[in-house]
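What follows is calculated from the coordinates using simple rules that are stated; it is not laboratory data. In this text, all values refer to a predicted model and were calculated from it rather than measured experimentally. No Cβ is skipped: glycine too gets one built from the backbone with ideal geometry, and neighbour counts run over all protein chains shown.
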Amino acid sequence: MENKKSNSETLSEIYRNAQLALQSISNILPEIEDGAIKEEIRRQHEEYEKICSSAALLARANGQELKEPGAIKKAMMWSSIKMSTMSDNSTQHIADMMIQGTVMGITSLKKTQSDSNGLLDGEVNALLEELISLEESFEQRLKAFL
């Protein structure tokens, strides 16, 4: 039973993380003027969409319903991004904001991984590791814009 709970919580965390990333990207894209970083962030959006789809399919196969982040959380993210980019929408600032969000995601996912004590099903663990790896690569690629 503990393993199933851990799988369920992990899938929820993967989905939540990717959904928040998608929301952040959707909020920040209209503020970006630099074509190179805009393209990088669009590529990231596509990768997060794939992760969301995979998590949703796994959850459905396990009879689990995944929840979207709440409206208040989304509104807070939107206003934070808009306020921050209003005063500075430079490429460096956008990259810094995205890196901060990515690092928060990596930290959360690594904690989830540690808390699972190695008891995750293969598919859930593989998806978790894929998302961690993706976010680490996003962080590295974004640093080029600093």
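Yes or no: residue 47 touching a residue at least 12 places away in the same chain (Cβ under 8 Å) and of a type outside the set (Phe, Trp, Tyr)?
yes
What number of residues within segment 33-92 satisfy the criterion of being surrounded by 13 or more Cβ atoms within 10 Å (Cβ to Cβ), among the hydroxyl-bearing types (Ser, Thr, Tyr) and over 30 Å from residue 146 (Cβ atoms)?
Number of matching residues: 1.
State which residue is farthest from residue 24 (Cα to Cα) when the search covers only segment 91-112 and only residues that are polar (S, T, N, Q) and free of Cβ contacts under 8 Å to residues at least 40 places away in the same chain.
107
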